[in-house]
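The numbers here are math on the coordinates, done by the rules we state, and not lab data. Everything numeric in this text was worked out from a predicted model, so none of it was measured.
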Amino acid sequence: MKPKFGVVVFPGSNCDHDAYYAVKKVLGYEAEFLWHKEKDLKHSNIIILPGGFSYGDYLRTGAIARFSPIMDSVYNFAEKGGIVIGICNGFQILLEIGLLPGVMLKNESLKFVCKDVHLRVENNKNIFTKSIKKKLLTFPVAHGEGNYYTDDATLKSLEENDQILFRYASKDGDTSSKYNPNGSVSNIAGIMNKKKNVMGLMPHPERHCDPVLSNTDGALIFNSIANNLFN
């Protein structure tokens, strides 16, 4: 049984078609766009909140999108154990709506960052990375506000509950600060909620799925979810 991906589209989303193309055209899963004004998730098993600039990122990144009608359904879906992936702007929305802890600040450099980065996989005890055998992945980042921040108590909780999924690293797995593209606390690139069914990450796995791009590391995440969803 193949899962169905639902890709939410907000005004200002610009990676929605990338995500749809990756999971449907490249990986062969069923997928459907979900308009922000609707509430129907259309029987989707996995929800993707894509990257972009939802509502122009006015006020704060993701601050307006979290009030979209579709997000009521996404929130309830997640609370019941449904799988939700927030990529870049989608991660920011998950923080705003409270499905993930922490906040997103402007990049430490105060400049937009667009480049490939190496990510160290921090644990495989979850649906998102369970099937991934590689310790290091390479994804592109493209953001101006990807500086993940949280207080010391929450950071400790993330560590203790194995909620940190990915850290920015060197090609050899070194997670020192010089390999951090945005100033994110503890080099964090991606996290999960405590129930481990909601993931947020700043890098773009959907942009590294097609073999024509000579990198298919992103497919590892989507395939891991699909392979373990009904187990």
Please report how far the C-alpha centroid of segment 53-71 lies from that of segment 73-129, rounded to the nearest whole angstrom. 15
Which shape class, rounded, prolate or oblate, goes with segment 105-225 when its Cα gyration tensor gives a ≥ b ≥ c as root eigenvalues, a/c under 1.5 marks rounded, and past that a/b bigger than b/c marks prolate? oblate
Please find, in a Gaussian network model of the chain (springs between Cα atoms separated by less than 10 Å), the residue of Gly200, Gly98, Gly51 whose mean-square fluctuation is greatest. Gly98
Choice from Ser13, Ser186, Ser157 showing the highest fluctuation, given a GNM over the chain with Cα pairs closer than 10 Å: Ser157
Along each of the three principal axes of the Cα atoms of segment 161-231, give the extent in whole Å, ordering the values from largest to smallest. 38, 36, 18
Once the in-chain neighbours fewer than 8 apart are removed, the lysines whose Cα is under 16 Å from Lys196 read Lys80, Lys125, Lys130
Ile47 long-range amide H proximity, modeled H, under 5 Å: Gly6, Ile83, Val84, Ile85
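Could you tell me what fraction of 2.2 N^0.38 Å the Cα radius of gyration of the chain comes to, as a two-decimal ratio?
Numbers: Rg = 15.9 Å, N = 231, 2.2 N^0.38 = 17.4 Å.
Normalised by 2.2 N^0.38 Å, the Cα Rg of the chain equals 0.91.
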Cα-based Debye curve of segment 17-107 sampled at q = 0.13, 0.14, 0.15, 0.16 Å⁻¹ gives log₁₀ I(q)/I(0) of -0.42, -0.48, -0.55, -0.63
